[in-house]
1. What percent of all Cα-Cα pairs in region B:96-157 falls in each 5 Å bin, counting up from 0?
2. Output the Kirkwood hydrodynamic radius of region A:122-239, Cα pairs only, in Å rounded to one decimal.
3. With angles folded into 0 to 90 degrees, how steeply does helix A:139-165 sit against the dominant principal axis of chain A? Use alpha carbons for both and round to 10.
4. Give me the inter-chain shielding for A:23-35: mean count of other chain Cβ atoms within 10 Å, whole number please.
5. In whole angstrom, how far apart do the alpha carbon centroids of region B:1-34 and region A:10-84 sit?
6. Relative to the longest principal axis of the C-alpha atoms of chain B, give the angle of the C-alpha long axis of helix B:2-28, reported between 0 and 90° and rounded to the nearest 10°.
7. Quick check on packing: order A:24-32, A:115-123 by the mean number of other C-beta atoms within 10 Å, highest mean leading.
8. Assuming R0 = 45 Å, what is the FRET efficiency of residue B:41 and residue B:1, from their Cβ-Cβ distance, to the nearest 0.05?
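Quick note: the coordinates plus some simple rules give every number you see, no bench work behind them. Every value quoted in this text rests on a predicted model; they were computed, and no experiment measured them. All Cβ positions, even for glycine, are placed from backbone atoms using ideal geometry, and neighbour counts span all protein chains on display.
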């Protein structure tokens with residue numbers, strides 16, 4: 001565990017190294033989120049409730065999407081692809097570490113560091129405009145969010161890892177990664193709450209692990225999921241994490257057998 | 001004047017050579033070249049779905065219809081992929097050339113150094129995405145009566161908008177003369193045009209001023225869109241042209257200061 005904490009800490013330091021980029025990213029992220037909220041505010045000029053959401057609820061929704069984006073990352077896909085393409089992956093084959101755990105620690109450290117200023121700006125926004133923020137109905141939902149948040153983060157990272165593994169077979173995964181990022185974002189509610197989706201699409205999403213990403217966590221926060229459904233969902237979510245882990249492990253082992261590197 | 005014309009011709013020749021070389025390199029990996037369209041399709045579909053939901057509730061957003069909003073989006077997408085196609089990879093790699101001293105080789109060549117460092121590396125895989133974004137733009141203006149002057153002015157103002165974006169990204173890249181690191185800032189600067197996909201009227205006045213003058217996303221996307229849609233504001237058109245010249249002059253000044261500061265890091 002200690003070595004992965006060190007990896008996390010190193011990645012955090014690297015992430016904080018580019019301060020200009022941090023400021024730039026924070027400003028554009030916040031402006032983009034504010035633009036989305038302002039777009040919705042136009043809709044709420046005529047109606048009080050849209051799709052079961054009041055205006056403060058939709059503001060809270062997009063703020064939470066932004067907060068979740070701070071941790072969800074496809075970085076494992078990018079990193080693994082770069083390592084395989086450049087041949088630097090060979091170094092990891094010799095190290096006494098789990099590559100998957102290394103990737104998780106590195107991704108999290110880097111992502112949290114790069115989004116740290118955005119997080120501060122979000123907090124400032126919440127403090128300045130508390131009237132637009134809806135808080136959870138009770139503490140049970142806040143507590144329930146913790147395991148779901150960790151599991152959903154693992155689902156996202158494992159999807160990234162699976163895409164990264166494809167680099168053992170194809171020359172570049174950047175197009176697949178970006179496509180997956182967009183599709184997962186749309187189908188998990190990063191763009192619009194899932195209640196606005198046609199029922200047939202909703203039934204499809206419910207069969208996939210991405211159901212536990214943005215929309216589910218936010219629904220949980222907003223108390224829109226019955227408490228008695230939570231244990232079943234927790235088991236299902238854990239099942240997906242384990243299943244994706246096993247699939248990842250299987251293909252990673254196959255990929256390593258296929259991997260070739262030469263040179264110095 | 002004759003000297004200037006010769007220089008321009010030479011620069012254009014070099015630019016075309018870079019395009020040709022990068023295009024041929026890109027075609028080596030045909031799967032990547034073709035699959036580049038996938039993220040574009042996914043993103044455009046997601047945005048289309050998002051806008052469809054919004055417009056299922058209201059007929060217009062501050063006077064902007066569904067198709068007009070798609071026009072803003074399509075122009076922004078053309079710009080976004082355009083940066084990759086023409087100069088983003090070169091500008092992202094610029095700080096590396098400072099760190100390892102390879103900028104020396106560009107400085108020694110008998111050609112415009114700025115041109116060399118800006119357009120050396122390109123991503124031709126983005127060509128299908130741009131073509132798709134153009135199709136999307138054509139779809140979005142299906143209800144608009146397009147006239148030749150409109151299209152001509154649109155191309156001209158879009159070029160100014162794109163030039164502003166290039167100058168901003170170039171300024172971000174050459175900050176590496178002082179900081180040695182600029183890849184991340186260049187990457188992010190390439191995304192500022194995304195803010196231009198919303199009509200300025202939805203923003204409060206202060207944010208509008210910010211996005212007209214500080215991060216001029218509206219000048220890049222919104223102004224060309226109004227020209228194409230036949231609702232131009234002449235003051236904004238003029239401002240876009242002035243800003244294109246101003247950002248060029250500022251970038252030129254910083255570039256020369258940077259070159260004075262540059263000391264090779266190579267062995």
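1. 4, 12, 13, 14, 11, 10, 11, 10, 7, 5, 2
2. The Cα-based Kirkwood calculation yields 15.9 Å.
3. Roughly 40 degrees between the two axes.
4. Going residue by residue through A:23-35 and averaging, the value is 5.
5. So the separation of the two Cα centres works out to 37 Å.
6. 80
7. Packing proxy ranking, top to bottom: A:24-32, A:115-123.
8. Taking R0 as 45 Å, the efficiency between residue B:41 and residue B:1 is 0.40.
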